[in-house]
Amino acid sequence: MGQTLFYKILGEHLVEGSLVAGEQIGIRIDQTLTQDATGTTAFLLYESMGAGPVKTDLSVSYIDHNMAGFGPENHNDHLYLQTIAAKCGVYHSRAGNGICHQVHLERFGKPGATLLGSDSHTPTGGGIGMIAIGAGGLDVAAAMAGGPFYLTAPKVLGVRLTGRLNDWVAAKDVILKLLSILSTKGNVGWAVEYFGEAVATLSVPQRATITNMGAELGVTTSIFCSDEQTQDFLAAQQRAGDYQPLAADTDAEYDRIVEIDLSALEPMAACPSSPDNVKSVREIAGLKIGQVAVGSCTNSSYADLMMAAKVLKGRQIDNMVEFAVAPGSREVLNMLAENGALADMISAGARIMETGCGPCIGQGFSPANDLVSLRTFNRNFAGRSGTKGDKVYLVSPETAVASALAGKITDPRDLPELIDAQYPKVALPKSFVIDDSMIEKPLGEKEARQVEVHRGPTIVVPEAPKALPEDLKGQVLLKCGDKITTDHIMPAGVFLKLRSNVPEYAKVVFNCFNEEGKATFAERALELKGKGTAGIIAAGESYGQGSSREHAALCPMYLGVRAVIAKSIERIHKANLINFCIVPIEFAEPGDYDKLKAGDKLVIEGLVEAVKSSDELKIAKADGSFEFTGKLALSARDREILLCGGRLNLTRKQAE
């Protein structure tokens, strides 16, 4: 039986375990990336390890999330990250240079390499033939220190692509179609590999759009082969030497195959408020809109924005629509400025935003109340835009610009002024305009030792977890439903600047569930903690989906949360819970979830013994009225981390 490409690359990087689906393995990490919203904590934890210069082939620190600078917090973080990067031998991409995933694809991504990033959309690198995986900052810090990355070897879903995209149908529609098939839950323990005759028709930026939003499936990662399209892209980036052809064996066997005929696809939209709430654009056409944004790490490539500029040239955005464009990188912005495309968009009524994440994480451009916002982003979780009760739809750039012109949701194939217009296909440039002047290269060893790390007063070293109690006595602080995202747990938007200060950021844990006039989640948790009682969270399916933000474990840990009991827990968040010594427990009988309520006092006798060697434990209400079984789906390493009081404590112990 032939191998999948995913397992070929895994095999070349395997350092621990056996390549059997479901088994825990350790792999060597070639490259890492961090960004400022997660990177400050990652580097603080890295410093706590005392690891010195990074041991990877290449590590890059990006500034792309918190750039607005309302108050000193953002700039304090930037200066810390700039100087700690210089100290540790890390490349540093300054604010304004672009979004981490797009810049990494353009300037650093390498077929056949492994990339670990403290951002859930790191799988964007799969578009260039990498195994690129999102993880918590502590796992990334350990990889920078030279340690393996541990994961459960996933099953591989093969997506066979046939046909060819029609005019006005985009790569975004491919991944939206797959989300409509697989949904955002139930895909933990899988990786996606695209193959088939149609792959050769997709450029690297198109592939990257698909692998980027594969994060919404909840899979470990997604990957395309490395072929002539990859070779052309790298050559245009003046990195031809990084190319190597890579593909699955012709007789590779996949654990499951899904077929998508590109020629049968039509423009799609993810409706509020989940990326898998997918309908065709024609089904929702005519809905009045008030805002459109083109950008994010999903859809802000040169080809995406040139297409938008060509459509907008000589036309005007509807006067009741606010239209914003955020180029994904300085490289793209420079090229648009030089060829006049930027002027065409501005003349049409576009607002040009900074090359960063911005509106995608609620950093500005929030929609008005009760107003429909169309975005080319990857997530439309409720409130993520910065507006409570928002109505955000996710679409392709083609659908976005057509709708902006019409003032209502419009299939671009149905807009009268475009029906007879030629679709503006944008070819890959023979050569991109390369300017890496805002990427600071690692210093020499002698110069690095002389760097003084800037530590602003808003940067606070996070505390380490406490050891698990032999028996846990706790109280259910919150009972929540299915698909609780890390945005629900730790809001971004105006609170994002607090990430370097856990005691402050912890005040808004589960802020979306707080009720006016009542004690907040944080206040109730700290009150319990002061009495020596553990906090417990009860949840439904797919708890912790979405962003990799480890603060969704770190801040609850600070508040005294010691266990999460859920029907299922997503991969990255589960790893973060374990790293910060919060025990992830699943209901053995899903119906037991219905028998719990907020305020219930629970007892888990023999918690430490169960973590040591058992796959289940008994959980009882303190009044003796109900007892149920929880499952512990833990690897030997997971158990070791929990018993040692978290990943940082284990790392310190191993270094002794």
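Rule-based calculations on the coordinates, nothing more; no lab input. None of the values given here were measured: they were computed from a predicted structure. In this analysis, Cβ positions are derived from the backbone assuming ideal geometry, glycine residues included, and neighbour counts consider all displayed protein chains.
With 0.36 nm allotted per residue and the present C-alpha distance subtracted, the residue 613-residue 436 stretch has 58.6 nm of extension available. Taking all Cα pairs closer than 8 Å and separated by 6 or more residues, the relative contact order of the stretch 1-106 comes to 24 percent. With the convex hull drawn over the C-alpha atoms of the chain, the volume per residue is 147 Å³.
So, with +1 on the Cβ of K and R and -1 on the Cβ of D and E, and no other charges, what is the size of the charge dipole of the chain about its Cα centre, to the nearest 20 debye?
Numbers: 65 positive and 78 negative charges, 228 e Å.
Dipole of the chain, to the nearest 20 debye: 1100 debye.
Between the C-alpha center of the stretch 248-325 and that of the stretch 168-185 there is a gap of 9 Å. Between the beta carbons of residue 180 and residue 621, assuming R0 = 41 Å, the FRET efficiency works out to 0.50 to the nearest 0.05.
Taking Cβ atoms as reference points and 15 Å as the exclusive limit, the residues near residue 215 contribute a net charge of +3, counting Lys and Arg as +1 and Asp and Glu as -1. Using a Förster distance of 41 angstrom, determine the FRET efficiency expected from the C-beta separation of residue 422 and residue 12, and round it to 0.05. It comes to 0.35.
Residue 529 to residue 450: FRET efficiency via 1/(1 + (r/R0)^6), r the Cβ-Cβ distance, R0 60 Å, to the nearest 0.05?
Numbers: r = 42 Å, r/R0 = 0.71.
Once rounded, the FRET efficiency stands at 0.90.
Ignoring solvent entirely, what values of log10 I(q)/I(0) come out of the Debye formula for the stretch 566-656 at 0.23 Å⁻¹ when each Cα is a single scatterer? Result of the Debye calculation: -1.19.
Report the charge-dipole magnitude of the stretch 472-655 in Debye, nearest 20, computed about the Cα centre from +1 at each Lys and Arg Cβ and -1 at each Asp and Glu Cβ. Mind dumping the intermediate values first?
Values: 27 positive and 23 negative charges, 127 e Å.
Here the size comes out at about 620 debye.
Helix screen, the chain: no DSSP H segment has Cα axial length of 24 Å or more and mean Kyte-Doolittle hydropathy at least 0.0.
For residue 253 and residue 629 in the same chain, what is the full-extension length gain: residue separation times 0.36 nm, less their Cα-Cα distance, in nm? Please report the intermediate quantities before stating the final value.
Numbers: separation 376, 0.36 × 376 = 135.36 nm, distance 3.71 nm.
Here the answer is 131.6 nm.
Think of the chain as having a plus end and a minus end, set by charges on the Cβ of Lys, Arg, Asp and Glu; of 151, 469, 646, 469 sits farthest toward the positive end of this dipole. Could you state the number of Å between the C-alpha centres of the stretch 110-142 and the stretch 597-656? With the stretch 597-656 and the stretch 110-142 each reduced to a Cα centre, they are spaced 29 Å. Which of rounded, prolate, oblate describes the stretch 227-381, given a ≥ b ≥ c as roots of the alpha-carbon gyration tensor eigenvalues and a/c under 1.5 marking rounded, otherwise prolate only if a/b is larger than b/c? Oblate shape, in that a/c is at least 1.5 and b/c is the bigger or equal ratio. Note: relative contact order over the stretch 472-655, using C-alpha pairs below 8 Å and six or more positions apart, is 23 percent. Distances between every pair of Cα atoms in the stretch 5-264, grouped in 10 Å steps from 0 to the bin holding the largest one, split as 7, 31, 35, 20, 6, 0 percent. Summary value for the chain: 14 percent relative contact order, contacts being C-alpha pairs under 8 angstrom separated by 6+ residues. Each part reduced to its alpha carbon centroid, the stretch 486-562 and the stretch 59-77 end up 22 Å apart.
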